[in-house]
1. Looking at (1) closer than 18 Å to residue 18 by Cα; (2) without any contact (Cβ under 8 Å) to a residue 12 or more places away in the chain, which is the only condition residue 221 fails?
2. Output the residue which, of all residues in region 224-246 that are acidic (Asp, Glu) and in contact (Cβ under 8 Å) with a residue 60 or more places away in the chain, is surrounded by the fewest Cβ atoms within 10 Å (Cβ to Cβ).
3. Sort through 250, 208 and tell me the only one that's in contact (Cβ under 8 Å) with a residue 40 or more places away in the chain, β-branched (Val, Ile, Thr) and in contact with a Cys (Cβ under 8 Å, 6 or more places away or on another chain).
4. Just to verify a result, which residue in region 103-123, among those that are crowded, with 19+ Cβ neighbours inside 10 Å and of a type in the set (Gly, Ala, Ser), is nearest to residue 147 (Cα to Cα)?
5. Give 20, 16 a once-over and let me know the one that is at pLDDT 95 or above, within 24 Å of residue 229 (Cα to Cα) and among the aromatic types (Phe, Trp, Tyr).
6. List pairs: first residue in region 5-31 and over 14 Å from residue 63 (Cα atoms), second residue assigned to a loop (DSSP other than H, G, I, E, B) anywhere in the structure, Cβ distance under 6 angstrom, at least six positions apart or on different chains.
7. Going by the structure shown, is residue 177 more than 17 Å from residue 155 (Cβ to Cβ), at pLDDT 95 or above and buried (at least 19 other Cβ atoms within 10 Å of the Cβ)?
8. Yes or no: residue 172 modelled with pLDDT of 95 or more, surrounded by fewer than 19 Cβ atoms within 10 Å (Cβ to Cβ), in the same structural domain as residue 217 (by TED's automatic domain parsing) and more than 21 Å from the chain's Cα centre (by Cα)?
Amino acid sequence: MTKVHFTKMHGAGNDYIYVYTPDNMIADPSAVSIKLSRPHFAIGSDGLILISKSDVADFQMHIFNNDGSEALMCGNGIRCVAKYVWDHKLTTKTRVAIDTLSGIKQIDLKLEDGKCTGATVNMGAPRDIENRTVAGWDGTYVSMGNPHFVIFVPDVMSIDVATEGKALEFDEAFPNRCNIEFATVMPDGTIRMRVWERGSGITLACGTGACATAVAAAYTGRRGRSSNIEMDGGTLHIEWKEGDGPVMMTGPAETAFEGEVEIEQ
């Protein structure tokens, strides 16, 4: 058995277990993510994020969903990584470069009285945007370094996300599976969104999903280039820069607790 120090963090309710691997080596992160993510029987989370040093950026992150699959990118997770390295005095920079499987992302920390409370992330430019019909649903496909299918509906709260989201994730139209967002533009312009994340199921928030939803809203003429995306766990502000510009995501990052857990290796 190996004792591993972890930090439980969340961005708008999207919660992960964070481990700094130079100090805590994990041989099989997929298996550990499955085991530790179970609610009631373990720590409980949407997955496991490993933080390490990088030869091409300030830090590197690897994301493992609670089903053990490895994710390309997590917008809420990367804000928490930036908070982690600041809080643990691993950096004195307020702009941090983090290497992910979907590229290097630049994060500007938001500080209050010297404490990191959130961040703005340059998520890069969206790609492969197109309207599609999948399994009878009209939506917009957007790649934010990972795949998303955004469906606008009159009342997002009436959608059975567990049933419809899971079916769409595994639809043959998405050979590598897909993140699914259902969204409604509210009278005040806020976009209410609910998400089924590839590999994790229903989560309280999804950073890349919020970005994809804002891009889809602008692409289809439902909103301008700036939107507040309200999810079950909180609200993110998304701005898609003009032309083929990047998507900027701003939101909170919070620490829930720290601890130690024994794992088999």
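The values are calculated or read from the model by the stated rules, or taken from the named source; none is laboratory data. Just so we're clear, the structure is a prediction, and the values are computed from it rather than from any experiment. Using ideal geometry, Cβ is built from the backbone for each residue, glycine included, and neighbour counts are taken over all protein chains shown.
1. Result: residue 221 fails condition (1) only.
2. The residue in question is 244.
3. Being in contact (Cβ under 8 Å) with a residue 40 or more places away in the chain, β-branched (Val, Ile, Thr) and in contact with a Cys (Cβ under 8 Å, 6 or more places away or on another chain) holds for just one of 250, 208, which is 208.
4. Among residues in region 103-123 that are crowded, with 19+ Cβ neighbours inside 10 Å and of a type in the set (Gly, Ala, Ser), the one nearest to residue 147 (Cα to Cα) is 119.
5. Working: 20 fails: within 24 Å of residue 229 (Cα to Cα).
Just a single option satisfies the conditions, and that option is 16.
6. 5/24; 11/253; 12/205; 12/233; 13/204; 13/205; 13/233; 27/265
7. Criteria not met by residue 177.
8. yes
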